[in-house]
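> Below you'll find the structure I mean.
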Amino acid sequence: MSHIQLGGIDYAIMAIYVAAILGIGWTLARYMKTSSDFLTSARSIPTWVTGLAFISANLGALELVGMAGSGAKYGIATSHFYWVGAIPAMIFLAVFMMPFYYGSKARSVPEYLKMRFDERVRALNSVAFAVMTIFASGISMNALAKLLNQLLGWNYHMALWICSGVVLLYVLKGGLTSAIYTEVLQFFMIVLGFAPVVYLGLKDVGGWGAMNQSLQTVATNPAALNLAEAGKSYGPNAWTSAWQPLLAGPQNNPMGVDWFAMVFGLGFVLSFGYWCTNFLVVQRAMAAKNMTAARNTPLVAAVPKMIFPFLVIVPGMIAVALTSMPDKDYRIPPPIVSQENYTKAVEVVKKANPAEPAAAVAAVAEALGVKVRGEKVAALVASNTKTKLSDEQIHKGIYNSIAEYDYDGVILSLVKKYCPPGLLGLALTALLASFMSGMAGNVTAFNTVWTYDLYQAYFAPGKSDNHYFWMGKFITVVGILLSIGAAYFAAMYNNAMDIIQLVFGFVNAPLFATFLLGMFWKRTTGTGAFLGLFGGIGGSALFHALTTTSSNVDAAGRVINGMKGGYLAVVSQFPSEMAQNFWLAAFAFVACFALTLGISLATRRTKTDEELKGLVYSLTPKIVDHEQAWYARPAILGVVLLVCCVILNVMFW
Amino acid sequence: MGLDIRWPIGLMFTVVGALLALQGLLAGPDANKLSLGININFGWGCVLLAFGLLMVFFAWRGKQGAK
């Protein structure tokens, strides 16, 4: 399809946004005097700001684009990634873990690990984290540049370098504070930029009730829209209820997941592992001005996080409903097919013999390079023989006959469908904002971990603060350049990137067991933590090598794609990749937990009770919240939020 | 730290909101074809403008309080 044409007003809105974020960087530059100002914001920021930055750093564009896609694939059950897979962990972080992160005066999560355990654990965590942030930001920037290229026809390299350049400028000027402040602005930009699109989409499908009704029809015959293989049928509430299809078993929900894997694998292991230990988000809370502000940061963030499904998942559901309504002239976008291939396919249709529809269908599919729906192509050929259609009409017919979906294109296809010039600029700026906040978040976490946990710890200890301040700035530039390198790498070696992400999945899965034992059991030793982590990582790799999904095994019982597991042997098959991931996480957690526990009991403690004060729950004086108004106490706020979260789950039961 | 973030947020949305509302006012009715006949630019522009002004007001009040 053709590129979106932007008008003057659209460019103006983008320019105002870029000017605003650069202005923030420039204004903050004069307050950057020490390495701590630059890398940790000198712990000076109010709660509502750190709270919104906390959520914005997580709301990268991949999340925005990906969650809309999942909304189309799985329906409202996608909200489990929010209501089960985020809120409880955020509350746990606020109430139980923040006191140790903030109270220990550690400047980063790896530094906390060094205080609690030893150098080995810190080194393992900081190296893995540093590499991961670079790849994460590279993957996201590659996605952005590709999107701008396909959508607006911008040059890929130019888009990549300019967007990275803007992030570099404001992070280099104002450091972490700049990243946090712009993240708040980006948060409002994203919410206010996409809300009208959701509104228009809902209005177009006839409101919430009408949308649900068409989704119920879709669920009983998902193959009609290519949402499942032919003959598959779900209960009518598969797209519109969050829990009932899940409780009915993996065969009855489009995710192919059972409730235990969802609650334990996602809701406990993966979710707590991400929200409670990932320095990218925890760093935002650590920048808060005092302990209460730090603890309330994830709680402030939990409020928008709870409401986000309506902004990011509902568009996917709208897209499915629209696709099921023939009069709306909409389909979930197909994978990008080049103009050249479309032209070839049009020629094929023109020359096709209506007496041999099967040959025509095969030839069209070959010309396009994607699967097509036979009956639609046959109908197109037939109607073209009856009355000559224009090239444009044939092109459109072919476009509508493609049987594959590019789910990541869902949100933008809605933007394109509903936004006139002006609103279009706002929505695209919101998309740019989400990419930039993701990149800035990664880079500011990377520069802190590099400067304090790697450079200061192992390469140049005992230098002046000015030295580290300079290093922080220097490594920011390096970090951006490495991200750009990673983006090119992702563009060229898609498969290598999949392997890297797979490996990071292994590294992260067991992490929460280490933190849990470290913070709440004083007997945990450094050796136990270090070997336990290795055991957990090895355990995940082994689990992946021995299991796969049932769709990845051919009729003879051989594994089709080793990337999807089962390359050593197939001990167990899961109904979906998501189920495999959740069970892998659960397994890794248990392995790491058991090993850390056993090895700790077998090894001698190296830290005394006195040294562990402020780092372990039982040895730290309880924080007294009584001086604050009851409504500002983290524990009470946490309970209120948890109740709200339960209510949401019940509402969409 | 030094800068009250409500200023840049407020100012940016005030300008963007005003621009969007103006676009909605000046563009002909054809412009609303995509948006189901609703003048979404004008309506949403006003929302953004109000949000921007509110932020500016809070920033201004914060400054008064600090004095």
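The values are calculated or read from the model by the stated rules, or taken from the named source; none is laboratory data. Since the model is a prediction, treat every value here as computed from it, not as a measurement. No Cβ is skipped: glycine too gets one built from the backbone with ideal geometry, and neighbour counts run over all protein chains shown. Each accessible area value is taken on the protein alone, full model and side chains, heavy atoms only, with ligands, DNA and RNA left out. Shrake-Rupley method; radii C 1.70, N 1.55, O 1.52, S 1.80 Å.
> For the stretch A:5-115, which fully contained helices (runs of 4 or more DSSP H) count at least 3 residues that are within 14 Å of chain B (Cβ to nearest Cβ) and under 25 Å from residue A:182 (Cα atoms)?
A:8-29, A:35-40, A:47-58
> Pull up the stretch A:539-577, narrow it to residues that are out of contact with any helix residue (DSSP H, G or I) (no Cβ under 8 Å at 6 or more places or on another chain) and assigned to a helix (DSSP H, G or I), then point me to the one that is nearest to residue A:521 (Cα to Cα).
The selected residue is A:542.
> While we're on this one: Please find, among B:32, B:39, the residue that is open to solvent by 50 Å² or more (accessible area, probe 1.4 Å) and either of a type in the set (Phe, Trp, Tyr) or over 21 Å from residue A:15 (Cα atoms) (or both). Let's see the steps before the verdict.
Values: B:32 fails: open to solvent by 50 Å² or more (accessible area, probe 1.4 Å).
None of the others qualify; the one that does is B:39.
> Follow-up. Looking at the stretch B:1-12, which of its residues are modelled with pLDDT of 90 or more and more than 7 Å from chain A (Cβ to nearest Cβ)?
B:6, B:7, B:10, B:11
> Related question: Give the residues of the stretch A:596-618 that are closer than 17 Å to residue A:99 by Cβ and under 34 Å from the mean Cα position of the chain (by Cα), sorted by residue number. Write out each step before concluding.
Taking the stretch A:596-618 as the starting set, the residues that turn out to be closer than 17 Å to residue A:99 by Cβ are A:612-618.
Across the stretch A:596-618, the qualifying residues are A:614, A:615, A:616, A:617.
> Of the residues that make up the stretch B:27-49, is at least one at the interface with chain A (Cβ under 9 Å from one of its Cβ atoms), among the aromatic types (Phe, Trp, Tyr) and within 8 Å of the chain's Cα centre (by Cα)?
No, the stretch B:27-49 has no match at all.
> For residue B:66, are the conditions met, namely being modelled with pLDDT under 90 and within 19 Å of residue A:11 (Cβ to Cβ)? Show your work before the answer.
Numbers: modelled with pLDDT under 90: yes; within 19 Å of residue A:11 (Cβ to Cβ): no.
For residue B:66, the condition - modelled with pLDDT under 90 and within 19 Å of residue A:11 (Cβ to Cβ) - is not met.
> Looking at residue A:151, is it in a helix (DSSP H, G or I), more than 14 Å from every other protein chain (Cβ to nearest Cβ) and within 19 Å of the chain's Cα centre (by Cα)?
When the stated conditions are applied, residue A:151 does not pass them.
> Could you run through the stretch A:499-523 and say how many residues are more than 17 Å from residue A:129 (Cα to Cα), open to solvent by 60 Å² or more (accessible area, probe 1.4 Å) and part of a helix (DSSP H, G or I)?
1
> Continuing with this model, one more query. Might you check whether a residue that is facing chain A (nearest Cβ under 9 Å), within 21 Å of residue A:49 (Cβ to Cβ) and buried (at least 16 other Cβ atoms within 10 Å of the Cβ) occurs anywhere in the stretch B:50-67?
yes
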